Amino acid sequence: MRKLIRILAPILKLFFSENPRGLLAGALLSAATVIAGLALLGLSGWFITAASIAGLSATAVAFDVFAPAAAIRLLAISRTAARYGERMTTHDATLGILAALRETLFRGWAAPDAARNLLRRPSKALFRLTADIDALDSLYLRILVPIGAAIGAAVVAVVTLGIMHPAFGLTVGAVLLGSGIWVPIVAGGLASKPARRRAYGIEALRSRAIDLTAGQTDLMMASRIKAQCASVLAADRYTARADRHLNRIETGVTLTFGLGTAILLAGSLLAVAALAEVKAITAPVAALGLLIAFAAVEPFTALRRGALEFGRVLVAAKRIGPRLTEETLRQIRSAPEAGIALGLQEVSVRHDGCAADALHAISLELRLGEALAVIGPSGAGKSTLLSLLADEIEPRVGTAACVDATLLTQKTELFQDTLEGNLRLAKPEASDAELREALVAAGLLSEVEALPKGLGTPLGEGGFGLSGGQSRRLALARLFLRDTPLWLLDEATEGLDSATASDVMSRLKDRAYGRSLVIACHARREAAIADQIAVIKDGRITELSRRGEAAFERALERLRPD
């Protein structure tokens with residue numbers, strides 16, 4: 001029990017701290033719906049029975065049909081209103097909490113090296129933000145709320161039937177609470193393992209299917225298409241076995257509830273008959289008692305689905321809960337001295353899972369308004385240095401101070417959205433004039449205006465619909481919208497033809513006036529705008545030269561010509 005509380009505590013804390021009034025109101029409305037249903041069914045049975053008996057006797061003229069009929073109408077309206085309010089309140093509160101939870105998780109992933117980790121395991125992040133969080137709605141909607149409603153129904157049944165005879169009320173209450181709570185608890189225990197297996201199976205199936213779809217080219221090159229298809233089918237069979245196990249448990253629970261209901265009704269029928277025979281209650285009251293006992297069972301059957309999904313809820317809570325309680329130990333990066341854009345002092349960086357450093361004892365300083373080109377062979381550490389400056393990676397040792405920076409990666413990251421939507425990722429509050437200004441600066445406005453829908457033109461996944469040059473210019477326009485004092489460029493013109501690349505670099509130089517630049521490059525045209533050139537090899541800066549020095553010119557000569 002302690003372990004269970006420890007797992008669920010972070011989730012419950014978030015639930016009841018985010019919207020406690022909504023959750024409480026939903027639970028109360030659910031209980032009110034059940035109680036109104038009990039009263040409606042019981043009173044209707046009493047009224048029909050009493051009216052029938054009055055019609056067969058001389059008391060028909062004196063029988064009051066108006067008060068019971070009005071009460072029945074009131075209860076029917078109240079039940080309908082409470083049901084509507086309960087559905088609206090509980091779902092609104094739950095969806096709002098889950099949305100806040102998604103935001104909390106997403107912000108938690110916005111940490112050093114997060115983007116790289118998400119790219120390595122995209123299906124894992126997708127599963128956490130979708131399936132795992134969706135599983136948590138069962139905790140409130142299918143477990144907590146039904147438990148409250150069932151307990152409310154049991155209390156009403158015990159009180160009502162206890163008025164007829166204390167032993168009758170206590171017995172029915174014991175049966176309801178015993179079987180109604182015991183059966184879901186046993187079912188939850190039996191379903192825990194297959195529910196976990198089903199959750200793991202679905203995640204494996206989704207992950208492997210994504211790998212099969214997104215990595216077709218690599219799998220085909222490695223002759224692994226058939227093996228990957230086989231792994232997808234294996235995950236599907238694993239999930240199907242778990243589903244069959246859960247279906248058998250659900251069938252057993254349904255049968256058990258059915259038998260329990262039949263036994264309770266048969267016992268209640270015998271009890272009211274015995275009480276009526278000794279004149280302890282009248283026939284209409286006997287009908288009321290029988291129907292109250294029958295209706296009190298219904299709320300407990302709603303716990304069946306929650307019990308079967310409880311294992312899935314626990315899996316999701318185990319995965320998500322630690323992220324809601326862990327405290328980040330990351331230190332806020334200090335700002336450099338006035339007039340300095342970045343300052344590194346004996347900084348070493350090591351990637352997760354690696355035994356050796358990717359950067360070794362890097363010391364570097366760049367003044368505001370200056371441009372630095374970082375050159376070296378592939379794998380020397382240029383992109384790692386940019387990630388360090390972008391605050392994507394923390395230094396293992398040494399100190400790093402840097403102004404706010406924006407990173408333009410080597411790969412243009414565009415999304416399945418409109419042109420405007422892709423631009424507003426950089427500055428959501430940007431006006432239309434600012435968007436047009438950025439497009440003018442990137443040399444893309446005329447091409448955008450030529451499109452039938454202009455900025456509203458939809459793009460496919462990965463920016464499908466634009467050429468390579470247009471995609472790079474759109475990414476450049478997005479960079480221009482970011483008003484940060486330092487821009488980090490990772491091979492900004494790689495893959496572009498010479499004319500487009502020269503135009504991009506010219507526009508970049510004009511727009512970057514007054515800002516600092518750090519450019520990782522292999523091409524001479526990119527390094528030519530720099531004030532300093534740093535040569536990096538095996539994670540170490542082996543040479544640093546300034547414009548006008550002979551070493552600067554030699555470094556330029558070693559680069560690939562335009």
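Quick notes
- Subset tally (residues that are at pLDDT 70 or above, surrounded by fewer than 19 Cβ atoms within 10 Å (Cβ to Cβ) and within 29 Å of residue 537 (Cα to Cα)) for the stretch 321-342: 5
- Enumeration of residues in the stretch 163-193 that are farther than 20 Å from residue 146 by Cβ and among the aliphatic types (A, V, I, L, M): 163, 164, 167, 170
- Qualifying position, being modelled with pLDDT under 85 and in the same structural domain as residue 288 (by TED's automatic domain parsing), among 62, 81, 70, 76: 62
- Residue-level check: of (1) without any contact (Cβ under 8 Å) to a residue 12 or more places away in the chain; (2) under 32 Å from the mean Cα position of the chain (by Cα), residue 466 misses just (1).
- Enumeration of residues in the stretch 410-450 that are more than 25 Å from residue 505 (Cβ to Cβ) and without any contact (Cβ under 8 Å) to a residue 24 or more places away in the chain: 421, 424, 428, 429, 431, 432, 433
- Within the stretch 395-429, the set of residues being within 16 Å of residue 476 (Cα to Cα), surrounded by fewer than 17 Cβ atoms within 10 Å (Cβ to Cβ) and of a type in the set (Gly, Ala, Ser) comprises 421 only.
- In the stretch 431-468, the residue that is modelled with the highest pLDDT out of those that are surrounded by fewer than 16 Cβ atoms within 10 Å (Cβ to Cβ) and among the hydrophobic types (A, V, I, L, M, F, W, C) is 433.
- Within the stretch 220-262, the set of residues being of a type in the set (A, V, I, L, M), more than 18 Å from residue 302 (Cβ to Cβ) and surrounded by 14 or more Cβ atoms within 10 Å (Cβ to Cβ) comprises 225, 232, 234, 235, 242.
- Subset of the stretch 263-281 (residues that are within 20 Å of residue 176 (Cβ to Cβ) and either touching a strand residue (DSSP E or B) at 6+ places or on another chain (Cβ under 9 Å) or exposed (fewer than 11 other Cβ atoms within 10 Å of the Cβ) (or both)): 266, 270
- Pairing residues of the stretch 88-103 that are under 11 Å from residue 14 (Cβ atoms) with residues that are assigned to a helix (DSSP H, G or I) and among the hydrophobic types (A, V, I, L, M, F, W, C), at Cβ distances under 6 Å and at least 6 apart in sequence or on separate chains, gives 97/15; 98/133; 101/133.
- Identity of the residue in the stretch 495-522, among the small types (Gly, Ala, Ser) and on the phi < 0 side of the Ramachandran plot, that ends up nearest to the chain's Cα centre (by Cα): 520
- Some residue of the stretch 245-257 being more than 30 Å from residue 29 (Cβ to Cβ), among the hydroxyl-bearing types (Ser, Thr, Tyr) and assigned to a loop (DSSP other than H, G, I, E, B): no
- Among residues of the stretch 201-217 that are at positive phi and not assigned by TED's automatic domain parsing to the domain that holds residue 239, none has a beta-carbon under 7 Å from a residue that is at pLDDT 90 or above and surrounded by 13 or more Cβ atoms within 10 Å (Cβ to Cβ) at least six positions away or on a different chain.
- Pairs where the first residue, in the stretch 18-44, is within 24 Å of residue 286 (Cα to Cα) and the second is of a type in the set (Asp, Glu) and buried (at least 19 other Cβ atoms within 10 Å of the Cβ), C-beta under 6 Å, 6+ apart: 33/86
The values are calculated or read from the model by the stated rules, or taken from the named source; none is laboratory data. Predicted model only: the values in this text are computed from it and were never measured. With ideal geometry, Cβ positions are generated from the backbone for all residues, glycine too; neighbour counts draw on all protein chains shown.
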